[in-house]
Amino acid sequence: MTTVPQLRPRKPLTAFAIAGSTMAQIAPAFSFYLGMAVITQGVGLGAPFTILLAAIAMFIVGLSVAAFAQRHPSNGSLVTFLGITFGGVLGTTTAVLFSAAYILLLASVMLAIGGWVSFSLQTFYNLSVPWVPLTIVLAFLCWLLTLSGVNRSTAVATASMLIEVAVLLVVSLLSLLRPPAPPSLTPLLPSALENGLSGLGQAFPLAIFLFIGFENSVALAEESEHPQRNIPRAVMLSLALMAVLYLFVSYATVTGFGNSASHLAQSTIPFIDLAQRYLGPLAILAALAGFTSIAGTMLAGTNNLSRVIFNSARERLFPYALAQVSERFGTPTLALTLPFALALVLALVVGLASSDWLTAFGYLSTLGTIPLIFIYGAVNVALIFNPGLALSPLRRYLLPLLGIASIVVPLWALLQPGQQPPYNFFPWITLALLIVALLYSWWRVRSDPALPERIGAFGPEHLTAADATQPGRSAESTVPEGKFDAAAIDSPESQV
């Protein structure tokens, strides 16, 4: 037997907690605020139907993730799934791409939290407060909260998510109860799509982006109750609930604008306009929902990223120093702090170099989404080729192929030529990142041949039953040596 670092929550996370964290990372309020206007520009009144198509596509991708999570729950999340299927080089490459993608996305969220508060203060109270100090202070508070324990940060993220959902539902209900024109089922039908397939091609990627972050719960496997049961359930339940919420809110938004595509097109943030109409002075609650939405996704996303980096370091895909665990809080200190600091620096540099915080948010969020969409598609491919999963032909072949097809549309929208600067450079930046990741991964596996055997070796099913389920477990846990070469773990070459 040998010892490996292990995370130590105050008590194991419940199914409700991990599902709440996942929905918090999806950030329904903020995602919908920014996404609905762009979706309606492409398809007009067909926005609800477009969101329905995106929900079906992401549900299929979620089924692939859930199938892996049921068999191989791991803090390594999608890195583990691809590593055990395709080997050490592609597994390590996934770790690099996933980490880079989430650092970019986390930086965009940092811009959003400061920028949104600045925007809200100006809009509702005519107070001019720069976004830069707000971003620094609020990001620092989120870092402290995530560092202080997964139970606390997950609870706050879940509470934030419940606040935003409540506001979304209240405004939507008021919109349906007092619509400016009679409600119609047309927005839920294909016939509502304006601009045909070209409009759908423009809107569908944004509808897909509404669900980004659905895999959050997988990275919490080691800190969860009954991960093989609860993690897959959390993935699918989160997707299902978010799909129902988005459909309801988008339909209510279209109805609230009198089923008028022209009126929708004139609104920068349609839901905020509805909130001001139906809530009057209480419309500040919609701004509050935007803030809690951004804060929740920052907390949940930081937990997600730090756990994947921690597990990658524990398996020696990354430098082992990143596997440090706080004796007091049981959280991965360096795996949490280092990427958080990098994201904050990136947010400030790109934000100050751009015309405004929202433009910089668009740059970083788009660039971060590209490798993540690639990874989502690769998980579907892995499901087809992984021999260790007992699946029906429908689950193994047909649904993953449909999932891959659904990923092609948003991926093409991100990579297609002819885009405006700097978006036209993003495919080349992604390609450069992929090449660097492959070279690093080849070097790691060549210098540490035992690395592929360690991918997935530290999942909850390999921990002792007492350590895996009881609070206060030690920071080091035993793992059977047969799962990997213990000597290779402690060799000088693996200390990189």
Could you order peptides 336-348, 190-202 by the average number of other Cβ atoms within 10 Å of their residues, highest first? 336-348, 190-202
How many nm is it between the label spots at residue 159 and residue 395, if each spot is 7 Å from the Cα in line with the beta carbon? 3.8 nm
Assuming 1.002 mPa s and 20 °C, estimate D for the chain with Stokes-Einstein, Rh taken as the Kirkwood radius over Cα pairs, in µm²/s. 94 µm²/s
State the Kirkwood hydrodynamic radius of the range 2-73 in Å, one decimal place, computed from all pairs of distinct Cα atoms. 15.5 Å
State the dimensionless ratio Rg/Rh of the range 248-289 (Rg: radius of gyration of Cα atoms; Rh: Kirkwood radius). 0.97
What is the Cα convex hull volume of the range 41-170 when expressed per residue in Å³? 189 Å³
Would you mind computing, in nm to one decimal, how far apart the modelled labels at residue 198 and residue 260 are, each placed 7 Å from Cα along Cα→Cβ? 2.6 nm
To the nearest 0.05, the calculated FRET efficiency linking residue 328 and residue 129 through their beta-carbon distance, R0 being 30 Å, is 0.30
Over the Cα atoms of the range 273-317, what Rg and Dmax result, in angstrom? 18.1, 55
Give the peptides 102-110, 137-145 in descending order of average Cβ contacts within 10 Å, highest first. 102-110, 137-145
What ratio of Cα Rg to 2.2 N^0.38 Å holds for the range 59-100? 1.12
Between the modelled labels at residue 442 and residue 148 (7 Å from Cα along Cα→Cβ) the distance in nm is 4.7 nm
Please state, rounded to one decimal and in Å, the Kirkwood hydrodynamic radius that the range 120-173 gives when every pair of distinct Cα atoms enters the mean of 1/r. 13.4 Å
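Using a simple charge model, +1 on the beta-carbon of Lys and Arg, -1 on the beta-carbon of Asp and Glu, nothing else, what dipole does the chain show about its Cα centre, in debye to the nearest 20? Mind showing how you got there, number by number?
Details: 20 positive and 19 negative charges, 98 e Å.
Dipole magnitude for the chain comes out near 460 debye.
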Mind computing the radius of gyration and Dmax over the alpha-carbon atoms of the range 344-407? Å is fine for both. 18.1, 52
May I ask which residue of 82, 176, 257 lies farthest towards the positive end of the charge dipole of the chain, with charges of +1 (Lys, Arg) and -1 (Asp, Glu) on Cβ and the Cα centre as origin? 176
Within the range 365-409, name every residue whose backbone N is under 13 Å away from a label modeled 7 Å from Cα of residue 416 along the Cβ vector. 408-409
Given R₀ = 45 Å, FRET efficiency for residue 279-residue 349 by Cβ-Cβ distance, to 0.05? 0.75
Which of 241, 411 comes first, and how do the rest follow, when ranked by fewest Cβ neighbours within 10 Å? 241, 411
Which value in deg cm²/dmol, rounded to the nearest 500, describes the helix-derived mean residue ellipticity at 222 nm for the chain, given -39,500 (n - 2.57) per DSSP H run of n ≥ 4 and division by the residue count? -23000 deg cm²/dmol
Between residue 269 and residue 320, how high is the FRET efficiency from 1/(1 + (r/R0)^6) when r is the Cβ-Cβ distance and R₀ = 41 Å? Nearest 0.05. 0.35
Classified through the alpha carbon gyration tensor (a ≥ b ≥ c as square roots of its eigenvalues; rounded if a/c is under 1.5, else prolate when a/b is larger than b/c, else oblate), the range 300-389 comes out oblate
For the range 80-153, just say rounded, prolate or oblate: build the C-alpha gyration tensor, square-root its eigenvalues into a ≥ b ≥ c, call rounded for a/c under 1.5, and beyond that prolate if a/b exceeds b/c, oblate if not. prolate
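Read the figures in this text as sums done on the coordinates, not as results from a lab. Every value quoted in this text rests on a predicted model; they were computed, and no experiment measured them. Counting neighbours? That spans all protein chains shown, and the Cβs are built from the backbone with ideal geometry, glycine included.
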